Amino acid sequence: MNPFSLALGEDQLAVRDWLHGFAADVMRPAAAEWDEREETPWPIIQEAAKLGIYSLDFYAQQYFDPSGVGIPVAMEELFWGDAGIGLSIVGTTLAAVAVLANGTDEQIGTWAPQMFGTPEDVKVAAFCSSEPDAGSDVSALRTRAVYDQAKDEWVLNGTKTWATNGGIAAVHVVVATVDPALGARGQASFVVPPGTPGLAQGQKFKKHGIRASHTAEVVLDNVRVPGHCLLGGKEKLDERLARARERAAGGEARGKAGKNAAMATFEASRPAVGAQAIGIARAAYEVALDYAKTRVQFGRPIIDNQGVAFTLADMRTRIDAARLLVWRASWMAANQQPFTAAEGSMSKLYAGETAKWVTSQAMQLLGGNGFTREYPVERMHRDSAIYTIFEGTSEIQRLVIARTISGLPIR
Ligand SMILES: Cc1cc2nc3c(=O)[nH]c(=O)nc-3n(C[C@H](O)[C@H](O)[C@H](O)COP(=O)(O)OP(=O)(O)OC[C@H]3O[C@@H](n4cnc5c(N)ncnc54)[C@H](O)[C@@H]3O)c2cc1C
């Protein structure tokens, strides 16, 4: 094992600085406009694609960085630039991770490139797990996948909600129930290829934050996909279902712990989502620090007051602590260390809560200016709020951590 070090290598520093330049020069200046427009910033995704920042190659390189911190470093820089545009750029990776986590090499090779398109014709992808009656409770999914043996096709029916890029994506990855009696264990993930009839966008949501990122319902009405669109393949699914049925026959509770398709995706992506939250928090902290040094009240910069300076000290401390948790979980995942204390959930919980707290403190330090859209901290605060909700709410992260450290089925 390598000696302990938190220092980034030369290549990692080069990537970080390159992304920082894009975040500062392209994303920041456009952030307010796309937040107001509440539309996917296609020209910026195109620009990112031309530079190689929006590409399968780039994310694959970061994903396979042996230290594990390639993805968190990239996420932090992009979301330091802007979270709404950032999510528009990296939203595709959630679907890509679902294919990586559950798919065969052939499926990864077929679908991952189609998710990104080309710099001349960029595409996005969507990961559709949540449903109106199945948010935190992933085992309650109602979307059904039924196998049509005669045609070797799967038929998908149901309504997905809150899907990032839902309906505007080229490739949708849909988590569906194959055997409802098995709860979470009876689920599988399917790729819905571009242009498949029966898949339509439902309501597009107007949101509090990350407004440049498209979030919508996805309606699946007799969507037929070829057998090879089942991620992992039918043989593997049949084996998994047989094992689950044996366990169920042995009296094990429905939906009890155990990996399912959606959870495999979330486990891999939680530290990366935490890193996004850190990017927002760091951005707000930097604005607040500058402001506190220059804003004069009672004849001195407001930072001269211990109350203000200590708040900034706490902001910075929590941001650094969150980053250490994210890097630890990312390093563990890359080095096949088991999450024995739910370290992935821990990192996402702490980073999400930190982003919300830091951005609210930043607004307070900017006084009236913090409350206006003349300054970016108001937008950053709105953007931060999603980080205690999606990819598992803070309560669900606590539940996962509590169950893992106690070994008890805490409810
Ligand atoms: C902008 C946005 C983008 C999203 N993108 C995607 C996406 O791309 N793909 C996708 O599949 N989903 C996506 N989601 C869905 C997101 O993951 C869910 O909103 C989230 O998991 C919470 O589910 P819910 O909204 O149904 O809340 P609920 O599960 O109904 O929770 C409501 C409240 O109850 C609490 N709660 C629930 N159960 C418990 C419990 N057992 N103990 C304690 N408290 C509990 C929750 O913490 C929360 O505070 C997105 C959501 C948003 C808002």
Legend entry - Those residues of segment 9-67 which are surrounded by fewer than 19 Cβ atoms within 10 Å (Cβ to Cβ), within 24 Å of Lys207 (Cα to Cα) and aromatic (Phe, Trp, Tyr), in sequence order: Trp42
Inset, instruction - Quickly run through segment 363-411 and pick out the residues that are part of a loop (DSSP other than H, G, I, E, B), more than 21 Å from Ala163 (Cα to Cα) and in contact (Cβ under 8 Å) with a residue 60 or more places away in the chain. - result: Leu366, Arg373, Tyr375, Pro376, Pro409
Inset, instruction - Please work out if Ser213 is open to solvent by less than 10 Å² (accessible area, probe 1.4 Å), within 13 Å of the ligand (Cβ to nearest atom), touching a residue at least 12 places away in the same chain (Cβ under 8 Å) and assigned to a loop (DSSP other than H, G, I, E, B). - result: yes
Inset, instruction - Scan segment 108-137 for residues that are touching a Leu at 6+ places or on another chain (Cβ under 6 Å) and under 13 Å from Val192 (Cβ atoms) and report the count. - result: 1
Inset, instruction - Could you check, for segment 269-287, whether at least one of its residues is in contact with a helix residue (DSSP H, G or I) (Cβ under 6 Å, 6 or more places away or on another chain), part of a helix (DSSP H, G or I), modelled with pLDDT under 65 and closer than 20 Å to Val90 by Cα? - result: no
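Among what's in segment 216-239 and is within 16 Å of the ligand (Cβ to nearest atom), out of contact with any Leu (no Cβ under 6 Å at 6 or more places or on another chain) and under 17 Å from Thr177 (Cβ atoms), pick the residue that is least open to solvent (accessible area, probe 1.4 Å).
Val218
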Inset, instruction - Considering only segment 368-403, state which residues are open to solvent by 20 Å² or more (accessible area, probe 1.4 Å), more than 15 Å from the ligand (Cβ to nearest atom) and touching a Phe, Trp or Tyr at 6+ places or on another chain (Cβ under 9 Å). - result: Asn369, Tyr375, Glu378
Inset, instruction - Grab the strands (runs of 3 or more DSSP E) fully contained in segment 106-206, keeping just those with 2 or more residues being under 20 Å from the mean Cα position of the chain (by Cα) and within 16 Å of the ligand (Cβ to nearest atom). - result: 125-128, 153-164, 171-177, 187-192
Inset, instruction - Look through segment 163-183, keep the residues that are crowded, with 24+ Cβ neighbours inside 10 Å and among the aliphatic types (A, V, I, L, M), and return whichever of them is farthest from Ile45 (Cα to Cα). - result: Ala176
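Of these, Val90, Val97, which one is touching a residue at least 24 places away in the same chain (Cβ under 8 Å) and in contact with a Ser or Thr (Cβ under 7 Å, 6 or more places away or on another chain)?
Numbers: Val90 fails: in contact with a Ser or Thr (Cβ under 7 Å, 6 or more places away or on another chain).
Going through Val90, Val97 in turn, just one is touching a residue at least 24 places away in the same chain (Cβ under 8 Å) and in contact with a Ser or Thr (Cβ under 7 Å, 6 or more places away or on another chain): Val97.
Residue by residue, here is whether (1) open to solvent by 10 Å² or more (accessible area, probe 1.4 Å); (2) in contact with a strand residue (DSSP E or B) (Cβ under 9 Å, 6 or more places away or on another chain); (3) not charged (D, E, K, R) holds:
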position	(1), (2), (3)
Ala277	no, no, yes
Ile303	yes, no, yes
Gln306	yes, no, yes
Arg323	yes, no, no
Pro338	yes, no, yes
Leu349	yes, no, yes
Thr354	no, no, yes
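The values are calculated or read from the model by the stated rules, or taken from the named source; none is laboratory data. From a predicted model like this one, the values you see are computed outputs, not experimental measurements. Neighbour counts are summed over all protein chains in view; Cβ atoms, including those assigned to glycine, are modelled from backbone coordinates with ideal geometry. Heads up: the accessible areas ignore ligands, DNA and RNA and are worked out on the full protein's heavy atoms, side chains in. Shrake-Rupley method; radii C 1.70, N 1.55, O 1.52, S 1.80 Å.
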